[in-house]
Amino acid sequence: MKPKMLIFGYGYVGKFLLEYFIKLGWDICVTSRHKSGDNIIGYNKLSIENALKDTTHLVSTIPPDENGDLVLVDFLNLIQYSPNLEWVGYISS
């Protein structure tokens with residue numbers, strides 16, 4: 001299976017990772033609440049659920065807030081049952 005990465009957050013770090021891994025030939029998508037375009041998906045349950053079906057690597061660049069890690073708060077149930085997920089990471093600038 002070709003590696004596929006899902007990046008949460010289309011800020012500075014997310015954009016850099018997207019461009020870098022595209023150059024390496026990865027299948028990759030990034031979430032955004034406000035932007036659209038190639039490789040950008042919505043930050044919503046349906047988009048995330050569809051992306052996770054064949055995601056092998058997941059990176060969150062979204063910082064926590066007073067409620068904790070927003071990605072885990074919003075999508076933990078989807079992430080923990082992702083059938084092909086091999087690696088999960090968090091990166092912050």
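The values are calculated or read from the model by the stated rules, or taken from the named source; none is laboratory data. Predicted, not measured: the structure shown is a model, and the values here were computed from it. When we count neighbours, we look across all protein chains shown, and the Cβ atoms used for this are built from the backbone with ideal geometry, even at glycine. Side chains included, ligands, DNA and RNA excluded: accessible areas come from the protein's heavy atoms. Shrake-Rupley method; radii C 1.70, N 1.55, O 1.52, S 1.80 Å.
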Among the residues of region 32-46, how many are farther than 20 Å from residue 2 by Cβ and outside any loop (DSSP other than H, G, I, E, B)? 4
In region 11-51, residues that are in contact with a Lys or Arg (Cβ under 6 Å, 6 or more places away or on another chain) and closer than 13 Å to residue 71 by Cβ total 1
Enumeration of residues in region 81-90 that are within 11 Å of residue 58 (Cβ to Cβ) and outside any strand (DSSP E or B): 82, 84, 85, 86
In region 26-53, which residue that is of a type in the set (D, E, K, R) and at pLDDT 95 or above is surrounded by the most Cβ atoms within 10 Å (Cβ to Cβ)? 27
Note: among 28, 62, just one is assigned to a loop (DSSP other than H, G, I, E, B) and under 13 Å from the mean Cα position of the chain (by Cα), namely 62
Where residue 49 falls short, out of the listed (1) touching a Phe, Trp or Tyr at 6+ places or on another chain (Cβ under 9 Å); (2) part of a loop (DSSP other than H, G, I, E, B); (3) among the charged types (D, E, K, R): (2)
Tally the residues that are farther than 16 Å from residue 61 by Cβ, modelled with pLDDT under 95 and under 14 Å from the mean Cα position of the chain (by Cα), restricting the search to region 1-21. 1
Go through region 1-25 and report how many residues are at negative phi, open to solvent by less than 90 Å² (accessible area, probe 1.4 Å) and not in a helix (DSSP H, G or I). 8
